[in-house]
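The values are calculated or read from the model by the stated rules, or taken from the named source; none is laboratory data. Treat the numbers as computed from the prediction; the structure is a model and nothing was measured. Here the Cβ positions follow ideal geometry from the backbone for every residue, glycine too, while neighbour counts run over all protein chains shown.
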Amino acid sequence: MFEDSRINIFMAVSEEGSFTKAARKMGISQPAVSQNISEIEREVGARLFDRNRNSVILTEDGKLFREFAKQILYWYKTASESFRTGTAERLARGERPTKDLRIGISEGYRCFLVPQGSEDVDIDIESMGKGMSVRVIQKVTEPEDSATLLF
């Protein structure tokens, strides 16, 4: 997987609240942790942690940087998985990636969504502000026989 050790060190310090505990977690020395955090702070031009004798606490800039760090780690992981699973190659050919979505519902609601014996359905999901709309359409019947659930 793609990796930036300084971002991982930053995340370890923010999670552990201690340079020493982060060093132990990462399997490196405490001075190496301090040096990496100092380099990040120098590069971004902001103090990311308030340090005192007993703890290390994220500053407001540190909280903001943590959100960027989470996104960077997410995209490193996504890029790595895309190449490992062949998704990047399919995207280059213009194919849309698909994933399975499994929705669990009780038997009582199932009969309203998918009538008995009609297991072959299409499901459309669309964003609706803070929620989403799920539309279940039977492939063998007319569209007016479909049901819409709002989450």
Count of residues meeting criterion [assigned to a helix (DSSP H, G or I) and surrounded by 14 or more Cβ atoms within 10 Å (Cβ to Cβ)] in segment 36-50: 5
Residue 57 assigned by TED's automatic domain parsing to the domain that holds residue 83 and assigned to a strand (DSSP E or B): yes
Lone qualifier among 23, 69 - being in contact (Cβ under 8 Å) with a residue 60 or more places away in the chain and buried (at least 18 other Cβ atoms within 10 Å of the Cβ): 69
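Of all residues in segment 5-20, which are touching a helix residue (DSSP H, G or I) at 6+ places or on another chain (Cβ under 8 Å), of a type outside the set (Ser, Thr, Tyr) and surrounded by 13 or more Cβ atoms within 10 Å (Cβ to Cβ)? Give the derivation first.
Filtering segment 5-20 down to residues touching a helix residue (DSSP H, G or I) at 6+ places or on another chain (Cβ under 8 Å) leaves 5-16, 19-20.
Right, trim to of a type outside the set (Ser, Thr, Tyr) and you get 6-13, 15-16, 19.
6, 7, 8, 9, 10, 11, 12, 13, 16, 19, listed by residue number.
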Filtered residues of segment 51-66 (kept if loosely packed, with under 14 Cβ neighbours inside 10 Å and under 19 Å from residue 8 (Cβ atoms)): 63
Residues satisfying the stated conditions in segment 72-83, i.e. free of Cβ contacts under 8 Å to residues at least 40 places away in the same chain and either farther than 24 Å from residue 6 by Cα or aromatic (Phe, Trp, Tyr) (or both): 74, 75, 83
Filter result (under 12 Å from residue 18 (Cα atoms) and out of contact with any helix residue (DSSP H, G or I) (no Cβ under 7 Å at 6 or more places or on another chain)) within segment 35-58: 50, 51, 52, 53, 54, 55, 57
